[in-house]
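The structure appears right after this line, and notes come after that.
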Amino acid sequence: MTRRPYVLLSAATSVDGYLDDTSPERLLLSNAEDFDRVDQVRAESDAILIGATTMRRDNPRLLVNSEERRAKRLVEGRSEYPLKVTVTASGDLNADLKFWHSGGQKLVFTVDSAVDKVKATLADLADVVSVGPELDWGLVLDELGRRGVGRLMVEGGGTIHTQLMAQDLADEVHLAVAPLLVGQTSAPKFLGAADYPGGSISRMRLLEARAIGDVVLLRYAPKERG
């Protein structure tokens, strides 16, 4: 049986749990030191995943920026960059986004009704896989495992984080909390309402709490609940 990857959810939030505000420009929650920490986590991962909504909103390249870390990956016999992955049920992707034109290999998971649309949009920019009539995270992780992904870093957005947490598929959470308050109800949050495993009294195990400048990194093991 194929082993699923170790799933690490990574996010930076305000103190009140928001990933961003509602302004046209992306709200920078982390500081330079924490961005470098994220770069290290990316370099240690076999694949990095974001949702199509996050891709459209932030237009990220999703790269390992450090030349030294990329060189280390090559010395270890790995690709220079981790596999870049996205998921879309609608198939609404833009081939001009930065995601497709930098870094290494790209992979798109979609559903049967959108697979032809995605392939027509992206042509040879990415490998496209349908997981059936609906998006099934178990099948997504199974396919990543078959492709040799042992460690998957998930960088959002909130809908994906919520789904993976609610389905008890996250092995670790990295939450960088910035000393900001957003307070805008329509802004995106790290997690939404869901039936989370164990309910509201189930406590995750704290792996680490560390100050990084004015940001606090919290690492939790969601599956190791008390």
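May I ask you to verify whether Val173 is crowded, with 19+ Cβ neighbours inside 10 Å, in a loop (DSSP other than H, G, I, E, B) and at pLDDT 95 or above? Criteria not met by Val173.
Answer yes or no as to whether Leu217 is outside any loop (DSSP other than H, G, I, E, B) and within 19 Å of Val7 (Cα to Cα). Yes; evaluated as a whole, the condition is true for this residue.
The values are calculated or read from the model by the stated rules, or taken from the named source; none is laboratory data. Note that the coordinates shown come from a computational prediction; the quantities given were computed from them, not determined experimentally. Methodologically, a virtual Cβ is constructed for each residue, glycine included, from the backbone with ideal geometry; neighbour enumeration extends over all protein chains shown.
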